[in-house]
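The values are calculated or read from the model by the stated rules, or taken from the named source; none is laboratory data. What you are looking at is a predicted structure, and each value in this text was computed from that prediction instead of being measured. Cβ sites come from the backbone with ideal geometry, for glycine too, and all protein chains shown count toward neighbours. The accessibility values were calculated without ligands, DNA or RNA, using every heavy atom of the protein model including side chains. Shrake-Rupley method; radii C 1.70, N 1.55, O 1.52, S 1.80 Å.
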Amino acid sequence: MSEKKEIKFTVSLDENHIPEKIEWTASEGGGVENEEIKAMMISVWEPKKRIAKRVDLWTKDMMVDEMKYYHFQTLMTLADTLERSTGENAIAKKMRDFGMEIGKEMKILTK
């Protein structure tokens, strides 16, 4: 029998159904239990239709500057994931270079 692991997200909404608090729990990688986060992007691959599906959530108290840096970091880690999963080193480098340009344009990088 194969082993199963679970990752759980709990989203608390205000009276207008806007996320006030997001917590996650995961047993792997040192374990995380009810750790509070401000934003998340979940992307999954649906093989029959060959499409990516996703869920994007952030709390109402997440500041714009935090959101900009979050997107910058996500873009950079997407390049890492592409490189590790496909060996597309040149494309990953282009993604990182593009990410650095975007970071500078958003004024979250100083150099």
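Of all residues in segment 60-73, count the ones that are in a loop (DSSP other than H, G, I, E, B) and open to solvent by 90 Å² or more (accessible area, probe 1.4 Å).
Total satisfying the criteria: 2.
If you take the residues of segment 31-46 that are part of a strand (DSSP E or B) and open to solvent by 70 Å² or more (accessible area, probe 1.4 Å), which of them is farthest from MET63 (Cα to Cα)?
TRP45
Given the residues GLU23, GLU28, which is the only one that is exposed (fewer than 15 other Cβ atoms within 10 Å of the Cβ) and either assigned to a strand (DSSP E or B) or not polar (S, T, N, Q) (or both)?
Answer to the selection: GLU28.
Would you tally the residues in segment 74-99 being open to solvent by less than 100 Å² (accessible area, probe 1.4 Å), under 23 Å from ILE42 (Cα atoms) and assigned to a helix (DSSP H, G or I)?
Going through segment 74-99 one residue at a time, the tally reaches 17.
Is it the case that GLU15 is of a type in the set (Asp, Glu), on the phi < 0 side of the Ramachandran plot, open to solvent by 90 Å² or more (accessible area, probe 1.4 Å) and modelled with pLDDT of 95 or more?
Here the answer is yes, as GLU15 does meet what is asked.
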